[in-house]
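A short write-up of the structure that comes next.
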Amino acid sequence: MSARLDPAYRAAAVRSLAETEFDVLVVGGGVVGAGAALDTAARGLSVALVEARDLASGTSSRSSKLIHGGLRYLEQGDFGLVREALRERRLLLHRLAPHLVKPVPFLYPLRHRGWERAYVGAGVLLYDSIGGARALPMHRHLSRQKALELAPALRPDGLTGAVSYFDAQVDDARLTVLIGRTAAQHGAVVLTRARAVSLVRDGRAVVGARVVDLLSGKEYLVRARRVISATGVWTGELLAADEAPFHVQMSKGVHILVPRERIRFDIGLVTRTEKSVLFVIPWRRYWIIGTTDTPWSADRSRPTATREDIDYLLDHVNDWLTDPLTTDDIVGVYAGLRPLLAGRSTETTKLSREHAVAEPVPGFFVVAGGKYTTYRVMAADVVDAATRGLGRAVAPSLTRHLPIHGAVGYRELWADREQLAARAGLPVSTVEQLLDRYGSATTNLLSMIQRNRSLAEPLTAADGYLAVEVVYAVTHEGALDLDDVLSRRTRISIEYPDRGLAAADEVAGLVAPHLGWDPVTRQAAVDAYRDQTRTELAYARV
């Protein structure tokens, strides 16, 4: 089936809600929900996914953008979690999403002689050995001089050396969107702006849900033999208080972006803080600096970074830098919420990142907790649980063998990128950027450029992106408004100081014909995005 999520696809998806009894209905369009829809469809079952906002609109677009086991979880004794995550890292790097998941080197600086090198070295050796052995180059012990050669911006005072190692990074929002597209390609109905407002029951058993199409306002009764909730920090929203199988505690993680030239590093940085882990991660033209780990109890849909969060990050990164950063260096800020399974500790840093699956009422299955890296395992576990007792044989999970949309043919196109660029009349660097965002689907964007050469032009106020990427977001990737395009199909909202305010009108002009917007609707979309963004900027005062 087609993986093209355009307005025509959405119209057909809405019609199917009332006409089909699905084997499985998935509520939630984050990475786990998209993964569950793909897992179900790949087993040959009928499945629909409904998401109240956009794919990856919550936590799945606001992570540290790392695919990793988590060194600190080794220290906490979560060996099983780390092993599982590193196995998934290997799959994503080499089979499932090589176009989106890339190796990234890190430096772990040392300030104490003797014991610290032995302690960190032992941990990184274990990290290299369990689950992900041979997936990436092994770690190296570095002298003080070699560490400063790789990271000249490091303060030399107190530095005794370093350990370097590899992990992986991903555009979290794009991977989630492409998992959703892969699910659609395998027959799943994927519908955003569709809110599940209540469960449909036969006695105590759940047999579907009432779903409101937020664009039309119409409510649909969606019949399903099983319903899966993969709603992250919204876990339990569809259940009565006494039915909730576990409590999810929200932890806020804040990240800032600064220009690459502002920190003279040739490698990323990772170190411990008194509360969490400090990362300095290379990301396109920027460094991502994070993260915080603090409880959050306010609006789940719009977690915001405060000045206190930003000062915390600046203070800790400046402890390592010869040339301290200031708020004037920050080009982007974002905040996300981790859905942690609540335990006895009141500190979110000490709560487990493991996941859990439960059936609190017959026919209704909940998956919560976990890490972005292990989304596929979480999805397979909840689908395994949900499909038991369907009355027919169901295949086991196949997703470890199923490449994500854009993966097949990516390596061949990468090897041929110079010729591809020459044929398209584009710089090689531009084609490389497209391949790393879209994989083998880059050929679709190049075909669009061939038909309309103006689409090869960079956006005036966001020159890291081409006009064709904006149009493709609505014609192929399910984007329905400016926030979808600027925040998740592209990452303009975090990569430019004004969060895309200057680009909003140009982007609206590009998508309007494809979304059927008249001039009034177009202006309303621009105004809505500007109001939302100015509120967020004012809150952080950056």
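Six or more apart or on different chains, Cβ under 9 Å: which pairs go from a residue in the range 70-99 that's more than 27 Å from residue 441 (Cβ to Cβ) to one that's open to solvent by 30 Å² or more (accessible area, probe 1.4 Å) and of a type in the set (Ser, Thr, Tyr)? Could you list them?
71/108; 73/352; 76/352; 78/352; 81/352
Taking residue 60, is it under 24 Å from the mean Cα position of the chain (by Cα), assigned to a helix (DSSP H, G or I) and under 24 Å from residue 230 (Cβ atoms)?
Against the criterion (under 24 Å from the mean Cα position of the chain (by Cα), assigned to a helix (DSSP H, G or I) and under 24 Å from residue 230 (Cβ atoms)), residue 60 qualifies.
Which of (1) of a type outside the set (A, V, I, L, M); (2) closer than 17 Å to residue 356 by Cα; (3) buried (at least 20 other Cβ atoms within 10 Å of the Cβ) does residue 255 not meet, given it meets every other one?
(2)
So, in the range 229-252, how many residues would count as being open to solvent by less than 20 Å² (accessible area, probe 1.4 Å) and more than 29 Å from residue 208 (Cβ to Cβ)?
Looking only at that region, the number is 2.
Pairs under 7 Å by beta carbon, first residue more than 30 Å from residue 196 (Cβ to Cβ) in the range 237-265, partner open to solvent by 40 Å² or more (accessible area, probe 1.4 Å), six or more apart or different chains?
Short answer, once both residue conditions are applied: 259/285; 260/285; 264/152.
Anything in the range 506-535 that is touching a residue at least 60 places away in the same chain (Cβ under 8 Å) and buried (at least 16 other Cβ atoms within 10 Å of the Cβ)? List them, or say none.
Within the range 506-535, 514, 515 meet the criteria.
Looking only at the range 31-54, how many residues end up being crowded, with 24+ Cβ neighbours inside 10 Å, outside any strand (DSSP E or B) and either among the aliphatic types (A, V, I, L, M) or touching a Pro at 6+ places or on another chain (Cβ under 9 Å) (or both)?
Selection size over the range 31-54: 7.
Just to be sure I understand the filter: pairs with C-beta atoms under 8 Å, separated by 6 or more residues or on different chains, first member in the range 188-217 and in contact (Cβ under 8 Å) with a residue 60 or more places away in the chain, second member open to solvent by less than 70 Å² (accessible area, probe 1.4 Å) and polar (S, T, N, Q). Which pairs pass?
Taking only residues 6 or more apart or on different chains, the pairs are 188/40; 189/16; 189/20; 209/198.
Restricting attention to the range 313-351, report how many residues are of a type in the set (D, E, K, R), modelled with pLDDT under 95 and not in a strand (DSSP E or B). Reasoning before the result, please.
Going through the range 313-351, the residues of a type in the set (D, E, K, R) turn out to be 315, 319, 323, 328-329, 338, 344, 347, 350.
In the following step, the residues that additionally are modelled with pLDDT under 95 were identified as 338, 344, 347, 350.
Next, only the ones that are not in a strand (DSSP E or B) stay: 344, 347, 350.
Count: 3.
Among the numbered conditions (1) of a type outside the set (Val, Ile, Thr); (2) modelled with pLDDT of 95 or more; (3) assigned to a strand (DSSP E or B); (4) surrounded by fewer than 21 Cβ atoms within 10 Å (Cβ to Cβ), tell me where residue 356 comes up short.
Answer for residue 356: the failing condition is (2).
Return the residues of the range 279-302 that are out of contact with any His (no Cβ under 7 Å at 6 or more places or on another chain), open to solvent by less than 60 Å² (accessible area, probe 1.4 Å) and of a type outside the set (A, V, I, L, M); say none if nothing qualifies.
Step one: filter the range 279-302 for residues out of contact with any His (no Cβ under 7 Å at 6 or more places or on another chain), giving 279-287, 292-302.
If we keep only those that are open to solvent by less than 60 Å² (accessible area, probe 1.4 Å) too, we end up with 279-283, 286-287, 292-294, 296, 298, 301.
279, 282, 283, 286, 287, 292, 293, 294, 296, 301 - these are the residues of the range 279-302 that are out of contact with any His (no Cβ under 7 Å at 6 or more places or on another chain), open to solvent by less than 60 Å² (accessible area, probe 1.4 Å) and of a type outside the set (A, V, I, L, M).
Just to be sure, is residue 377 free of Cβ contacts under 8 Å to residues at least 24 places away in the same chain, of a type in the set (Val, Ile, Thr), open to solvent by less than 30 Å² (accessible area, probe 1.4 Å) and part of a helix (DSSP H, G or I)? Give the derivation first.
Working: free of Cβ contacts under 8 Å to residues at least 24 places away in the same chain: no; of a type in the set (Val, Ile, Thr): yes; open to solvent by less than 30 Å² (accessible area, probe 1.4 Å): yes; part of a helix (DSSP H, G or I): yes.
Answer is no for this residue.
Within the range 111-121, track down each residue that is open to solvent by less than 60 Å² (accessible area, probe 1.4 Å) and outside any loop (DSSP other than H, G, I, E, B).
So the first thing to find is which residues in the range 111-121 are open to solvent by less than 60 Å² (accessible area, probe 1.4 Å), and the list is 114, 116, 120-121.
Across the range 111-121, the qualifying residues are 116, 120, 121.
When you scan the range 231-251, do you find a residue that is touching a strand residue (DSSP E or B) at 6+ places or on another chain (Cβ under 6 Å), at pLDDT 95 or above and assigned to a strand (DSSP E or B), even just one?
no
If you check 481, 518, 463, 505, which single one turns out to be acidic (Asp, Glu), modelled with pLDDT of 95 or more and within 23 Å of residue 447 (Cβ to Cβ)?
Exactly one residue qualifies, and that residue is 463.
Just the residues that are open to solvent by less than 20 Å² (accessible area, probe 1.4 Å) and either among the charged types (D, E, K, R) or touching a helix residue (DSSP H, G or I) at 6+ places or on another chain (Cβ under 6 Å) (or both), please, taken from the range 75-90.
Answer for the range 75-90, where residues must be open to solvent by less than 20 Å² (accessible area, probe 1.4 Å) and either among the charged types (D, E, K, R) or touching a helix residue (DSSP H, G or I) at 6+ places or on another chain (Cβ under 6 Å) (or both): 81, 82, 85, 88, 89.
Of the residues in the range 287-311, how many are closer than 14 Å to residue 334 by Cα and among the aromatic types (Phe, Trp, Tyr)?
So the answer is 1.
The values are calculated or read from the model by the stated rules, or taken from the named source; none is laboratory data. This structure is a prediction, so every number in the text was calculated from the model and none was measured. Positions of Cβ are generated from backbone atoms using ideal geometry, with glycine treated the same way; all protein chains shown enter the neighbour counts. SASA here: full protein model, heavy atoms, side chains in, ligands and nucleic acids out. Shrake-Rupley method; radii C 1.70, N 1.55, O 1.52, S 1.80 Å.
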